[in-house]
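A.B. asks: Please find one structure pasted underneath; my questions will follow.
The values are calculated or read from the model by the stated rules, or taken from the named source; none is laboratory data. Fair warning: this is a prediction, and the values are worked out from it, not measured in the lab. Every residue, glycine as well, gets a Cβ built from its backbone with ideal geometry; the counts of neighbours run over all protein chains shown.
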């Protein structure tokens with residue numbers, strides 16, 4: 001195989017997906033000497049800078065938002081960003097012009113290979129017209145005939161982490177390690193300890209951090225059940241509990257406070273590095289199927305994950321049961337079929353699909369005690 005100089009990863013701009021991509025990036029860097037790795041993040045949920053005409057364009061990151069994941073990552077040379085939602089809002093000629101400008105930008109970079117980490121016809125087309133020689137993506141896409149290499153793999157086959165790594169096989173790359181990575185800035189570790197002092201949290205006792213974040217409300221444990229769990233923990237074991245959350249979780253926290261009534265220790269974070277510093281102080285973290293779950297795992301913190309009934313096929317990716325465990329409903333769900341959760345929230349409820357309401361809080365309690373006391 002000829003020497004590979006530049007590789008482009010097309011990736012979704014989600015926190016969890018970005019963290020889970022890190023083992024594949026490391027494998028590529030270690031297996032291909034001298035390779036230059038670029039990541040192009042396609043954001044679905046945030047707007048980044050656009051030009052005065054309103055056209056979105058590819059830009060170098062300033063490492064805000066989820067791009068923070070790749071700051072100080074030794075396996076990444078360049079991070080680019082594009083606002084996918086803004087691109088989709090354009091119509092007709094304006095859309096074509098914006099997309100053609102992106103294609104021209106990619107062509108100038110002279111990438112040897114592109115790895116599309118998620119099936120997306122538009123970006124397969126971009127890669128083709130940008131003249132990238134080796135175009136790798138999942139088999140079965142509508143425009144898959146434009147790809148040069150089409151591994152017969154799916155996220156649902158062996159999990160997202162293995163999926164990302166297996167996409168590299170056409171380059172002759174095999175991941176030796178599946179450990180995810182995130183570097184916490186030193187100042188965030190110092191700041192986190194100051195925050196615990198201000199909250200009067202005894203750092204000599206075990207600390208459980210609860211993070212209620214999730215990309216969708218159906219993935220969250222109902223606040224009433226979370227309140228019941230917190231009461232159970234406080235009544236039965238000597239444990240410090242801290243709820244960490246972001247602006248996206250404020251509605252959940254308000255509902256939890258209204259139900260719980262008693263005082264909760266709360267910390268709102270607005271950066272990934274700030275959240276990582278806080279999570280690192282914990283003995284274990286209780287999380288949903290979310291970015292914070294993957295962040296905690298990447299920095300070596302034990303996790304108890306609350307997942308929907310069928311989420312484990314794609315996201316049961318941490319195999320060390322002494323460090324990470326998953327809790328799901330043990331009941332059969334009549335509303336969902338083909339091993340896929342439909343996310344049906346019961347009438348009158350704001351949070352939690354039916355299967356999240358069916359999780360046993362006693363099982364959550366037992367798992368927290370087991371994980372947090374495991375040396």
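A.B. asks: With 261, 280 as the choices, which residue is modelled with pLDDT under 95 and farther than 14 Å from residue 304 by Cα? Lay out the reasoning, then the answer.
C.D. replies: On the way: 280 fails: modelled with pLDDT under 95.
Within the list 261, 280, the selection yields 261.
A.B. asks: Kindly provide the set of residues from segment 191-209 that are assigned to a helix (DSSP H, G or I) and out of contact with any helix residue (DSSP H, G or I) (no Cβ under 8 Å at 6 or more places or on another chain), ordered by number. Walk me through it before giving the result.
C.D. replies: Kept after step one, since they are assigned to a helix (DSSP H, G or I), are these residues of segment 191-209: 191-198.
Within segment 191-209, 193, 194, 196, 197, 198 qualify.
A.B. asks: In contact (Cβ under 8 Å) with a residue 40 or more places away in the chain and in contact with a helix residue (DSSP H, G or I) (Cβ under 7 Å, 6 or more places away or on another chain): does that describe residue 326?
C.D. replies: Values: in contact (Cβ under 8 Å) with a residue 40 or more places away in the chain: no; in contact with a helix residue (DSSP H, G or I) (Cβ under 7 Å, 6 or more places away or on another chain): yes.
No.
Each row is one residue, and each column tells you yes or no for (1) over 22 Å from residue 151 (Cβ atoms); (2) over 24 Å from the mean Cα position of the chain (by Cα); (3) without any contact (Cβ under 8 Å) to a residue 24 or more places away in the chain.
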position	(1), (2), (3)
58	yes, no, no
78	yes, no, no
82	yes, no, no
86	yes, no, no
95	yes, yes, yes
99	yes, yes, no
107	yes, yes, no
110	yes, yes, no
120	no, no, no
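A.B. asks: May I ask you to say which residue of 207, 199, 264 is surrounded by fewer than 17 Cβ atoms within 10 Å (Cβ to Cβ), in contact (Cβ under 8 Å) with a residue 24 or more places away in the chain and touching a strand residue (DSSP E or B) at 6+ places or on another chain (Cβ under 6 Å)? If you could, list the steps in order and put the result at the bottom.
C.D. replies: On the way: 207 fails: surrounded by fewer than 17 Cβ atoms within 10 Å (Cβ to Cβ); 199 fails: touching a strand residue (DSSP E or B) at 6+ places or on another chain (Cβ under 6 Å).
On inspection, the qualifying residue turns out to be 264.
A.B. asks: Looking at 249, 218 in this structure, which one is surrounded by 18 or more Cβ atoms within 10 Å (Cβ to Cβ), within 26 Å of residue 15 (Cα to Cα), assigned by TED's automatic domain parsing to the domain that holds residue 201 and in contact (Cβ under 8 Å) with a residue 60 or more places away in the chain?
C.D. replies: Values: 249 fails: in contact (Cβ under 8 Å) with a residue 60 or more places away in the chain.
Every option except 218 fails the conditions.
A.B. asks: Scan segment 212-247 residue by residue and report those that are assigned to a loop (DSSP other than H, G, I, E, B) and within 24 Å of residue 17 (Cβ to Cβ). Break it down into steps so the answer makes sense when it comes.
C.D. replies: To start, the set of residues in segment 212-247 that are assigned to a loop (DSSP other than H, G, I, E, B) comprises 212-216, 220-222, 237-239, 246.
212, 213, 214, 215, 216, 220, 221, 246, listed by residue number.
A.B. asks: Looking at the structure I just gave you, is residue 187 touching a helix residue (DSSP H, G or I) at 6+ places or on another chain (Cβ under 9 Å), part of a helix (DSSP H, G or I) and surrounded by fewer than 14 Cβ atoms within 10 Å (Cβ to Cβ)? So that I can check it myself, show each step before the final result.
C.D. replies: Numbers: touching a helix residue (DSSP H, G or I) at 6+ places or on another chain (Cβ under 9 Å): yes; part of a helix (DSSP H, G or I): yes; surrounded by fewer than 14 Cβ atoms within 10 Å (Cβ to Cβ): yes.
Judged against the criteria, residue 187 is a match.
A.B. asks: If you don't mind, there's one more thing I want to ask. Name the single residue that is surrounded by the most Cβ atoms within 10 Å (Cβ to Cβ) among those in segment 341-361 being part of a helix (DSSP H, G or I) and touching a residue at least 40 places away in the same chain (Cβ under 8 Å). So that I can check it myself, show each step before the final result.
C.D. replies: Of the residues in segment 341-361, the ones part of a helix (DSSP H, G or I) are 354-357, 361.
Applying the additional criterion that residues be touching a residue at least 40 places away in the same chain (Cβ under 8 Å) yields 355-357, 361.
Working: 355: 25, 356: 28, 357: 17, 361: 17.
Out of the qualifying residues, it is 356.
A.B. asks: While we're here: I'd like to check which strands (runs of 3 or more DSSP E) are fully inside segment 66-177 and have at least 1 residues that are at pLDDT below 90 and farther than 19 Å from residue 314 by Cα.
C.D. replies: Details: elements: 78-83, 113-116, 134-136.
Fully inside segment 66-177 and qualifying: 78-83.
A.B. asks: Then there's this: Test residue 37 against the criterion of being modelled with pLDDT of 95 or more and under 29 Å from residue 87 (Cα atoms), and give yes or no. Break it down into steps so the answer makes sense when it comes.
C.D. replies: Details: modelled with pLDDT of 95 or more: yes; under 29 Å from residue 87 (Cα atoms): yes.
Yes: the conditions hold for residue 37.
A.B. asks: Could you please find all residues in segment 135-176 being surrounded by fewer than 17 Cβ atoms within 10 Å (Cβ to Cβ), in contact (Cβ under 8 Å) with a residue 40 or more places away in the chain and touching a helix residue (DSSP H, G or I) at 6+ places or on another chain (Cβ under 6 Å)?
C.D. replies: Scanning segment 135-176 gives a single hit, 156.
A.B. asks: In this structure, is residue 282 buried (at least 18 other Cβ atoms within 10 Å of the Cβ), more than 20 Å from residue 233 (Cβ to Cβ) and touching a residue at least 60 places away in the same chain (Cβ under 8 Å)?
C.D. replies: Numbers: buried (at least 18 other Cβ atoms within 10 Å of the Cβ): yes; more than 20 Å from residue 233 (Cβ to Cβ): no; touching a residue at least 60 places away in the same chain (Cβ under 8 Å): yes.
Judged against the criteria, residue 282 is not a match.
A.B. asks: Given the structure, is residue 255 farther than 28 Å from residue 74 by Cα, crowded, with 17+ Cβ neighbours inside 10 Å, in contact with a helix residue (DSSP H, G or I) (Cβ under 6 Å, 6 or more places away or on another chain) and modelled with pLDDT of 95 or more?
C.D. replies: Values: farther than 28 Å from residue 74 by Cα: yes; crowded, with 17+ Cβ neighbours inside 10 Å: yes; in contact with a helix residue (DSSP H, G or I) (Cβ under 6 Å, 6 or more places away or on another chain): yes; modelled with pLDDT of 95 or more: yes.
It is true that residue 255 is farther than 28 Å from residue 74 by Cα, crowded, with 17+ Cβ neighbours inside 10 Å, in contact with a helix residue (DSSP H, G or I) (Cβ under 6 Å, 6 or more places away or on another chain) and modelled with pLDDT of 95 or more.
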